[in-house]
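Structure first, then comments.
The values are calculated or read from the model by the stated rules, or taken from the named source; none is laboratory data. Quantities reported herein were computed from a predicted structural model and do not represent experimental measurements. Here Cβ is always computed from backbone atoms with ideal geometry, including for glycine, and neighbour counts include all displayed protein chains. Only protein heavy atoms, including side chains, enter the accessible area calculation; ligands, DNA and RNA are left aside. Shrake-Rupley method; radii C 1.70, N 1.55, O 1.52, S 1.80 Å.
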Amino acid sequence: MTVNTPDRPETAHPGTPGRRPRLPEAPPQRRRPGPSPEQGEFVRPLTRRQIDDRMRELGELYTHTSFSQVRASDASNQDRSAAFRRRLAGHMRWPGFELLVAETAGPSGVVVLTACAYGFPVRGDGPSWDGLDGYLPESLLRVAAFGRLFAIADILVERRVRTQDQSREWNLARRLQKRLLSDHPAALGVTLVDRDNSDTLEALLSWGWRCLSTEAREASHLAPSRLLVLR
């Protein structure tokens, strides 16, 4: 925006003492737009071979982002990382499996892994994921029969993603889960969360997941997990 100013400052006319010159007004300060949050971290899928190559890195991400994280020097971190890698290796065998990672360039220019999420379609027949069939009401079984149900097994993000801007569409967790569903002909996403894991439950609810109203009738309150649905 251009501001037109006179060549010389306006002075008081003779005979009108006390009149001060009018100074040009300063142009309003416009806030420079910062980088789009959606461009801050690049989201992409990994092939199975790429997952194998980065399995240790994914295990470190799990221990870094887990809410039950203990000191990095504690040996139990290694055990938890190994358990996650074994679980992931088993999930990779499911038809339609997909894993997304979020990456960003660090200060030195090295690409850093900051988040990941993965899942697979739920089929209407055959074996189910970790006993999921014991939690699905009849309405979701019908969705699965049409190939429109997708199980998201894990979403690994840093604490800031859990606690800041959870309702914004560019929130990294929302981007990851939305991309997983849009990459498949899925109408609904489902996941299981341990009943005693209140931190993860709170984060999932803030990202748009909801508990089924029928859950109390379809699954016992004594069941170890809670079923959540994402539309």
- Item | Per residue value of the accessible surface for the stretch 79-154 (all protein chains in place, 1.4 Å probe), Å² | 45 Å²
- Query: So who's got an amide H within less than 5 Å of the one on D154, skipping anything under 5 residues away but keeping other chains? H placed 1.01 Å off N, in plane.
  - Reply: Y118
- Note on the structure: Whole-Hz Karplus couplings 3J(HN,Hα) for the stretch 154-164, θ = phi - 60° and coefficients 6.51, -1.76, 1.60, Gly and Pro as x, run 8, 10, 10, 9, 6, 4, 4, 5, 6, 10, 10
- With each label point set 7 Å from Cα along the Cα-Cβ vector, what nm distance links L141 and D52? 3.8 nm
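So if we plug the beta-carbon distance of D133 and W170 into 1/(1 + (r/R0)^6) with R0 = 41 Å, what FRET efficiency do we get, rounded to 0.05? Don't skip to the answer; put the middle values down first.
On the way: r = 35 Å, r/R0 = 0.84.
That pair, D133 with W170, gives E of 0.75.
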- Note on the structure: So, with points 7 Å from each Cα along the Cβ direction, the A223-A82 label distance in nm works out to 3.2 nm
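Please work out the FRET efficiency for the pair R210 and H64, using the Cβ-Cβ distance as r and a Förster radius of 30 Å; give the result to the nearest 0.05. Mind showing how you got there, number by number?
Values: r = 28 Å, r/R0 = 0.93.
So the FRET efficiency works out to roughly 0.60.
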- Message: Suppose each label sits 7 Å from its Cα in the direction of the beta carbon; what would the R93-V110 distance come out to in nanometres?
- Response: 3.5 nm
